[in-house]
Structure formats: C-alpha cells, structure tokens
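Every number in this text was worked out from the coordinates using simple rules, so none of it is lab data. In this text the structure is predicted, and so the values were computed from the model without any measurement. Methodologically, a virtual Cβ is constructed for each residue, glycine included, from the backbone with ideal geometry; neighbour enumeration extends over all protein chains shown.
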Amino acid sequence: MGEPVLAVITVTNYSGGDLTFFSDRRNQWLNFIMKDSRDGFVTGRAGKSFGKMKIRVGETLAREVDLSQHFNLNSQGTYTVGAVVSMPGNTDGRGEGASTNRIQFNITSGVPYWTQKVGIPKTGKTREFRVLNFNGGEKTHLYAQINDVKSGQNVRTFRLGDVLMLRKPLVTVDRQQKCTSCF
C-alpha cells in the first residue's frame, strides 16, 4: 500500500485525421472505472487531470498513469480497473469513445521487518519508518514505507529491491532523519 500502481493506456489513431485529446472543467478525455472486491466503486480523488495528447494519423501513443494518485487505494484487497477514452469533441460524456478490457490487481501488505518512529521537525507530527519484506511467490522483495502515526495512513512505499534473507538487512535512521538500509 502506498506504492505506485501503474496503468499504461495505448491509443492508436485510425481516424484518418490528427486527433487532440484534452480535458475541460466538466469532462476528462480519459476516465478510469475501478471496483473493489465487493463490486463497489472506488472513490476517485478530485482535481486530477490527464492533460493534452495529440496523435497524428496512424501514430500510436501511450500514457502511463499512477492509479494510486487518482484513487484512494488505502485498503488491502483485489481490485478491477478499466479505462474509457472519449473521442475529441465529445462534450456531453455520452458520445464516441472506447473502453479497455478490465484488469485485476491485488494490494497486499508486506511483513514488517523493522520499524522506527521519528518526529518531524517544526511540525509536531510523528512518522513511522518501516522496512517490510514481501514474498510475491517467485522472489522476496524489500520495501521501505512511511506511515503517519496519528492517522495511521500510509504516506509512501518504495521498493528497495529483491532480497535473499540469508542475512538480516541493516537499517538505521541518521540525525537528518534519513533512513538507510543495507541488504
């Protein structure tokens, strides 16, 4: 949780003319529909826009989107997501467009290997640094995670790399509150 969840949308222009996809205040040219394991819709974050994309005739362009920046993915579980690309000039949200296949992904938590609470200077806030190991089946991965102590919310998760747990990783926090892990 907190790690980027990347989706790549690829659009090929077979229209016979150049296309410019853009969003306005009411409509996005790219929308995602996400559901959780109970088939409930996942709440999107307000104010996210996908910017402009121009595609020449016969050209294929891809747009990478971090879904964790557009949806509240704070709970473990299985999710499904699909994208809808609206054609340029579609101002009512009901015109021409194309839908992708829905894909499924899982959000799971790793096993905490090490934790340390640290105060954030001049804010009065406390964060918890964690180092987690996660076994995805084929390999074991090591992650660094930052959580807000008061709210319990995950601030960010970073994949550090693959790890063989033959030796315990060494983890430390220095005086500038930088967390370092050697593995």
Worksheet, complete the sentence: Given a Förster distance of 22 Å, the FRET efficiency implied by the Cβ-Cβ spacing of S49 and N72, rounded to the nearest 0.05, works out to 0.80
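Taking the Cα centre of the chain as origin, work out the dipole magnitude from +1 charges on Lys and Arg Cβ and -1 charges on Asp and Glu Cβ, in debye rounded to 20. Please list the in-between numbers first.
Details: 25 positive and 15 negative charges, 162 e Å.
Computed charge dipole of the chain: roughly 780 debye.
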Worksheet entry | Cα-based Rg and Dmax for the chain, where Dmax is the largest Cα-Cα distance (Å) | 20.5, 61
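Which FRET efficiency value, to the nearest 0.05, do you get for Q177 and N135 by plugging their Cβ-Cβ distance into 1/(1 + (r/R0)^6) with R0 = 30 Å? If you can, show how the numbers build up before the last one.
Values: r = 29 Å, r/R0 = 0.97.
So the FRET efficiency works out to roughly 0.55.
What percent does the relative contact order of the chain come to when contacts are Cα pairs within less than 8 Å and at least six residues apart?
Working: 361 pairs, mean separation 34.3, N = 183.
Across the chain, relative contact order equals 19 percent.
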Discussion item. Straight-line reach from K35: which lysines fall under 24 Å, measuring Cα to Cα and dropping same-chain residues less than 8 apart?
Written reply: K48
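Size of the dipole of the range 6-107 about the Cα centre, Lys and Arg at +1 and Asp and Glu at -1 on the beta carbon, nothing else charged, in debye to 20?
200 debye
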Fill in: Non-local Lys pairs in the range 111-182, i.e. 8 or more apart or on different chains, that have alpha carbons under 29 Å apart
13
Practice prompt. Of the options T43, W29, T78, report the single residue whose Cα projects farthest towards the positive end of the charge dipole of the range 1-120 (beta-carbon charges: Lys, Arg +1; Asp, Glu -1).
Written response: T43
Worksheet item: How many nm separate the modelled label positions at D36 and V8, each set 7 Å beyond the Cα in the direction of the Cβ?
Response: 3.0 nm
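Note the full-extension length gain between A98 and D162 as 0.36 nm times their separation in residues minus their Cα-Cα distance, in nm to one decimal.
Values: separation 64, 0.36 × 64 = 23.04 nm, distance 3.78 nm.
So the extension gain works out to 19.3 nm.
So which trypsin sites (Lys or Arg not before Pro) in the range 25-77 end up in coil per DSSP with only 14 or fewer other C-beta atoms within 10 Å?
Values: sites: R25, R26, K35, R38, R45, K48, K52, K54, R56, R63; in loops: R25, R26, R38, R45, K48, K52, R56.
Those that pass, being in a loop and sparsely packed, are R25, R26, R38, R45, K48, K52, R56.
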